[in-house]
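Peer 1: Right, I'll just put the structure down here and ask away after.
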Amino acid sequence: MIEQKKINSPVFPFTAIVGQEEMKLALQLNVIDPRIGGVMIMGDRGTGKSTTIRAIADLLPEIEVIKDDPFNSAPDNLNNLNEIIKIKTPMIDLPLGATEDRVCGTIDIEKALTDGVKAFEPGLLAKANRGILYVDEVNLLDDHLVDILLDSAASGINTVEREGISIRHPARFVLVGSGNPEEGELRPQLLDRFGMHAVIKTVKDPKLRVKVVEERTLFDANPDAWISKYEKEQESLKNRIIEARDLISSVQISDDLKLKISQVCSELDVDGLRGDIVTNRASKAFAAFNNKQEVTTQDIEKVITLCLRHRLRKDPLETIDSGDKVKKVFEKIFE
């Protein structure tokens, strides 16, 4: 086994991030169970969205891959003759101006026709396989590209077709989008396809603001010392995520709780069944995160707002916040 050299710049520790509990919880649950469907993070500028997303990726355990494989493929069996190395969980930033070819990859048609081989140049979806794909300002991205990202995230496959030539490759990743609501919202049908929706706001408490500024200043002054200070907490959280991943397949949720989740979705007039499915999955992930094998009402309460708030139909005359509306209906049905 060969260890890949680490040449990454220091990353602010996830456990050192102050506040923004909604965003941190949504990210943790998605890395425990990527089938939740990713997370959309909406909030003011300068609230630590990018810092937190990079921090969760840095926290995750290394993965085994076949050396020089463009798709971060896992070793398929013990007799594999390829060289195996360990790499950090991929964290890919998708730039706002990215083209479809840059995202999906390209096929060299000329080479395919003259040499008779499928000459494929992998894109960002290939690099993000088995990792995290982060799209800042996703609400400013072309709808067609957002569709492609969501399709790949849901199916775990990327398909590139050019002039009758088709290439398919694995593209399993946690899709994380962020944006500022002042710059516009995603279309409802795209927003609905994100598993969770976290809302973050600028910290108002002056003491907490001072703490955030001090922590960042100390980290910038001496990153290595700051990272070592949080080493035990980081290791503890990493182990907790690994254990939750192992436990989640055995977590149970009773028929009664499933019924109540669907009653909440029905009363909120949530279109489709995606809200029911995501709430069930997120509840199980939260139970596993807390080392439990049975989902409780408290587990559902912790995640249901994140899973449903962005699926409610927008009513311009409505004065109640969508998150508060979810809580109100939850309390009524689960009383």
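The values are calculated or read from the model by the stated rules, or taken from the named source; none is laboratory data. For clarity, every value in this text was computed on a predicted model and none was experimentally measured. Methodologically, a virtual Cβ is constructed for each residue, glycine included, from the backbone with ideal geometry; neighbour enumeration extends over all protein chains shown.
Peer 1: Which members of the stretch 157-194 meet the condition of being in a strand (DSSP E or B), within 27 Å of Pro90 (Cα to Cα) and hydrophobic (A, V, I, L, M, F, W, C)?
Peer 2: Ile157, Val160, Ile167, Phe173, Val174, Leu175, Val176
Rundown of residues vs (1) of a type in the set (Gly, Ala, Ser); (2) in the same structural domain as Ile148 (by TED's automatic domain parsing); (3) free of Cβ contacts under 8 Å to residues at least 60 places away in the same chain, yes/no style:
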| site | (1), (2), (3) |
| --- | --- |
| Ser50 | yes, yes, no |
| Leu59 | no, yes, no |
| Glu62 | no, yes, yes |
| Ile66 | no, yes, yes |
| Asp69 | no, yes, yes |
| Ser73 | yes, yes, no |
| Leu81 | no, yes, yes |
| Lys88 | no, yes, no |
| Leu94 | no, yes, yes |
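Peer 1: Might you let me know whether the stretch 265-274 holds any residue that is free of Cβ contacts under 8 Å to residues at least 24 places away in the same chain and within 25 Å of Pro188 (Cβ to Cβ)?
Peer 2: yes
Peer 1: Looking at this structure, is Ser178 buried (at least 18 other Cβ atoms within 10 Å of the Cβ) and of a type in the set (Gly, Ala, Ser)?
Peer 2: Against the criterion (buried (at least 18 other Cβ atoms within 10 Å of the Cβ) and of a type in the set (Gly, Ala, Ser)), Ser178 qualifies.
Peer 1: Which residues, taken from the stretch 225-235, are under 29 Å from Gly46 (Cβ atoms) and surrounded by 12 or more Cβ atoms within 10 Å (Cβ to Cβ)?
Peer 2: Trp226, Ile227, Ser228, Lys229, Tyr230, Glu233, Gln234
Peer 1: Since Leu273 meets every condition but one in (1) surrounded by fewer than 18 Cβ atoms within 10 Å (Cβ to Cβ); (2) more than 23 Å from the chain's Cα centre (by Cα), which condition does it not meet?
Peer 2: The number of the failed condition is (2).
Peer 1: Which condition number does Ile333 fail, the rest of (1) of a type in the set (Val, Ile, Thr); (2) out of contact with any Lys or Arg (no Cβ under 8 Å at 6 or more places or on another chain); (3) farther than 17 Å from Leu25 by Cα being met?
Peer 2: (2)
Residue-by-condition table, conditions (1) within 22 Å of Val39 (Cα to Cα); (2) surrounded by 13 or more Cβ atoms within 10 Å (Cβ to Cβ); (3) without any contact (Cβ under 8 Å) to a residue 12 or more places away in the chain:
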| site | (1), (2), (3) |
| --- | --- |
| Val212 | no, yes, no |
| Pro223 | no, yes, no |
| Ile241 | yes, yes, no |
| Ala244 | yes, yes, no |
| Ser254 | no, no, no |
| Ser262 | yes, yes, no |
| Asn280 | yes, yes, no |
| Ala285 | yes, yes, no |
| Gln293 | no, no, no |
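Peer 1: Please identify the pairs in which a residue from the stretch 160-179 that is touching a residue at least 40 places away in the same chain (Cβ under 8 Å) and within 27 Å of Asn139 (Cα to Cα) has its Cβ atom under 9 Å from the Cβ atom of a residue that is surrounded by fewer than 23 Cβ atoms within 10 Å (Cβ to Cβ) and among the basic types (Lys, Arg), counting only partners at least 6 apart or on another chain.
Peer 2: The qualifying pairs are Val160/Arg168; Pro170/Arg130; Arg172/Arg130; Phe173/Arg130.
Peer 1: Specify the residue that is nearest to Thr89 (Cα to Cα); the eligible residues are those in the stretch 51-72 that are outside any loop (DSSP other than H, G, I, E, B) and touching a Pro at 6+ places or on another chain (Cβ under 7 Å).
Peer 2: If we take residues in the stretch 51-72 being outside any loop (DSSP other than H, G, I, E, B) and touching a Pro at 6+ places or on another chain (Cβ under 7 Å), then Glu64 is nearest to Thr89 (Cα to Cα).
Residues checked against (1) touching a residue at least 24 places away in the same chain (Cβ under 8 Å); (2) farther than 21 Å from Thr47 by Cβ:
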{"position": "Thr99", "(1), (2)": "no, yes"}
{"position": "Asn139", "(1), (2)": "yes, no"}
{"position": "Leu190", "(1), (2)": "yes, yes"}
{"position": "His197", "(1), (2)": "yes, no"}
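Peer 1: Which pairs do you get when a residue that is assigned to a helix (DSSP H, G or I), found in the stretch 324-335, comes within reach of a residue that is modelled with pLDDT under 90, reach meaning Cβ atoms under 7 angstrom, with the pair 6+ apart or on two chains?
Peer 2: Pairs found: Lys325/Leu312.
Peer 1: Also, I was wondering about something else. Using the structure shown, decide if Lys292 is assigned to a helix (DSSP H, G or I), of a type in the set (Lys, Arg) and outside the structural domain of Asp33 (by TED's automatic domain parsing).
Peer 2: For Lys292, the condition - assigned to a helix (DSSP H, G or I), of a type in the set (Lys, Arg) and outside the structural domain of Asp33 (by TED's automatic domain parsing) - is not met.
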